């Protein structure tokens, strides 16, 4: 089952990050393929995404259920496919970065891993016709980190095949969301 | 320099011997042949990926009397193939061109196998599309390119076009047949297919184009992507180059030995389709870039046109919201309608065709015109099926037993379903009752569904007494609209046996060639067998490349 994690940093205090993240209406449009969402309750919402899986683009409806709403540090949720046989879960973690601390870096990648990552990003751009948001330009010393972990699992007999297709698309999607949130906050915070 | 009667001074951006417009099967084969015959070749492609219509196809070549048929235990002859193709062409093609194809296609095949990574295997059980006609065969003329490892393309890997329908399931046509892709979808080895996808293996049209692209790259011919043809350059009546658009820039390419049109059909150009086609085409199955660019170029220099009313027709089914390159995806339906527990009806609730016959001929009754009502009697049309179908077989991407999405109309009774889709309830009930009787006896007295070995190929061999007939009797009952589609048009510039474009008087337009769906198809309204599209396209591409370069390769 494909699972990815991506971390970025920003020169915005954690409280401000939380203020933004806690209202899903703020960042919903930053999701890759976002079409619309409907809030059912504090914990439940339905999301319609245009999912680029492999070669074609297809509308996917997912029900999101918040399992942990622990501001200003952490939001966890589960995902259930309404029109596709998929489920998944994810976590957004916001953490302060102590002044003078060494910069938070994504896991160190060896040369081969960096090449694979480059290829995935290139394919995402070529196949899906758009590029992934790059890590934002940080205005000042980093104050917060934002991590996004996402797992998606295709179910049913075709699951192994669909998971193989989902895998390469997940990391760019996670990067895209985290970096867009960070870039937005960098742009809009004084 | 005078170009097409106009005085134009322009410094060329590129100067080559042979320019090929389009990177599908016809274009890449033409490029390989022209290169090997000694020419400096350039290929331009409007899209951002290589492969055109071929890449989204089944990737099969139909080549009668090919040297692999013996391995499949099928005997063939030129005479049988000629008789068969001419019958299907229905007097609307040139016998000379059919004979050229029959004589040259096996040579092209041998050459490619000898000089490129491509290796083919005869599909011994894939029948011609009218195998019972004189000269038809129960298999062997259609050739499978197998699998292709896209990693061998290096940086070109992501630039290889893949089918939105077949592109993820890396199984060869041979495997698909052996594994029962249509009749036993739950038994497909999805673990293996997932591994193959992750490994970068592709099948069908992407495999064929992958091999051709690798061969082109090996020759130093790198297709120039996102370059759209705009205007042929003509000097003293001879085509000498092309004005094209590369991004925002106009470029001029001089091609001293010739320009080969291999840019596909016009099925995505609704104006051209409405103007020329004899049938209705609202849901093409090909890449959206097939807008008749090459046809318009040919017309601009006075080319004669042929077979313009015809397409490689194919019924389309759609999943709302699915897109390919920003346009709605229309899935060609090759098997659903052939499997048990399905029928196709018109608004009167009546069947009007053998649902299991080949997709090209299937569509022709869809276009039947009612002169009294002044409307198409069989449009809209609906595929109607029952829960037994949903339990046993796949419907597009929905696997057996998986709940079907809510957007598919359904009802517990046929009458209620008819009301939902605007079909006459009494007609539908009577039709199903009669069809269920046929299913019980295994004989379709109205349309002979299940009589041809072709029908059986797409049926369920475990279903008795007919692999194609099963009653619709277990609710809920479902309906899906069947849209008129095509995998490409097949009318275009008329050519001679060297693929040189002709004027209405029969004289050659010097320096201009056509191959593939931009060329007037040689099979008229007929579709002889799987890969007749690509087999003819690559053969005339090969001939065009040789002739433009000025040397025969064998």
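Below is a table of values for the structure above.
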read-out: Positions within the stretch B:471-488 being surrounded by fewer than 21 Cβ atoms within 10 Å (Cβ to Cβ), within 13 Å of residue B:391 (Cα to Cα) and touching a strand residue (DSSP E or B) at 6+ places or on another chain (Cβ under 7 Å), in sequence order; value: B:476
read-out: Scope the stretch B:108-162; condition touching a strand residue (DSSP E or B) at 6+ places or on another chain (Cβ under 7 Å) and part of a loop (DSSP other than H, G, I, E, B); matching residues; value: B:120, B:123, B:126, B:129, B:136, B:137, B:140, B:141, B:146, B:147, B:161, B:162
read-out: Scan of the stretch B:403-424 for residues that are over 18 Å from residue B:351 (Cβ atoms) and either part of a helix (DSSP H, G or I) or within 30 Å of the chain's Cα centre (by Cα) (or both), ordered by number; value: B:404, B:405, B:407, B:408, B:409, B:416, B:419, B:420
read-out: Tally of residues being over 13 Å from residue B:296 (Cβ atoms) and over 17 Å from the mean Cα position of the chain (by Cα) across the stretch B:264-278; value: 3
read-out: Residue count, the stretch B:166-192 (criterion: within 11 Å of chain A (Cβ to nearest Cβ), in contact (Cβ under 8 Å) with a residue 60 or more places away in the chain and under 18 Å from residue B:206 (Cβ atoms)); value: 2
read-out: The stretch A:63-84, subset within 14 Å of chain B (Cβ to nearest Cβ) and modelled with pLDDT under 95, residue surrounded by the fewest Cβ atoms within 10 Å (Cβ to Cβ); value: A:82
read-out: Flag if residue B:141 is under 29 Å from residue B:34 (Cβ atoms) and either surrounded by fewer than 20 Cβ atoms within 10 Å (Cβ to Cβ) or within 14 Å of another protein chain (Cβ to nearest Cβ) (or both); value: no
read-out: Helices (runs of 4 or more DSSP H) enclosed by the stretch B:1-103 - at least 1 residues per element that are under 29 Å from residue B:146 (Cα atoms) and within 14 Å of chain A (Cβ to nearest Cβ); value: B:52-55
read-out: Any hit, the stretch B:226-245, residues being over 22 Å from residue B:533 (Cα atoms), within 14 Å of chain A (Cβ to nearest Cβ) and either modelled with pLDDT under 95 or not in a helix (DSSP H, G or I) (or both); value: yes
read-out: Among (1) out of contact with any helix residue (DSSP H, G or I) (no Cβ under 6 Å at 6 or more places or on another chain); (2) surrounded by 19 or more Cβ atoms within 10 Å (Cβ to Cβ); (3) more than 14 Å from every other protein chain (Cβ to nearest Cβ); (4) within 30 Å of residue B:244 (Cβ to Cβ), the one test that residue B:312 misses; value: (1)
read-out: For residue B:215: the one exception among (1) surrounded by 23 or more Cβ atoms within 10 Å (Cβ to Cβ); (2) in a helix (DSSP H, G or I); (3) touching a helix residue (DSSP H, G or I) at 6+ places or on another chain (Cβ under 6 Å); value: (1)
read-out: Some residue of the stretch B:207-216 being more than 26 Å from residue B:73 (Cα to Cα), within 11 Å of chain A (Cβ to nearest Cβ), more than 18 Å from the chain's Cα centre (by Cα) and touching a residue at least 24 places away in the same chain (Cβ under 8 Å); value: no
read-out: Scope the stretch A:151-169; condition more than 7 Å from chain B (Cβ to nearest Cβ) and under 14 Å from residue A:3 (Cα atoms); matching residues; value: A:151, A:152, A:153, A:154, A:162, A:166, A:167, A:168, A:169
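Yes/no per residue for (1) crowded, with 18+ Cβ neighbours inside 10 Å; (2) within 14 Å of another protein chain (Cβ to nearest Cβ):
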{"position": "B:344", "(1), (2)": "yes, no"}
{"position": "B:349", "(1), (2)": "yes, no"}
{"position": "B:362", "(1), (2)": "yes, no"}
{"position": "B:368", "(1), (2)": "no, no"}
{"position": "B:406", "(1), (2)": "no, yes"}
{"position": "B:438", "(1), (2)": "yes, no"}
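The values are calculated or read from the model by the stated rules, or taken from the named source; none is laboratory data. Worth saying up front: this structure is predicted, and the values here are computed from it rather than measured. So basically every Cβ, Gly included, is an ideal-geometry build from the backbone, and we count neighbours across all protein chains shown.
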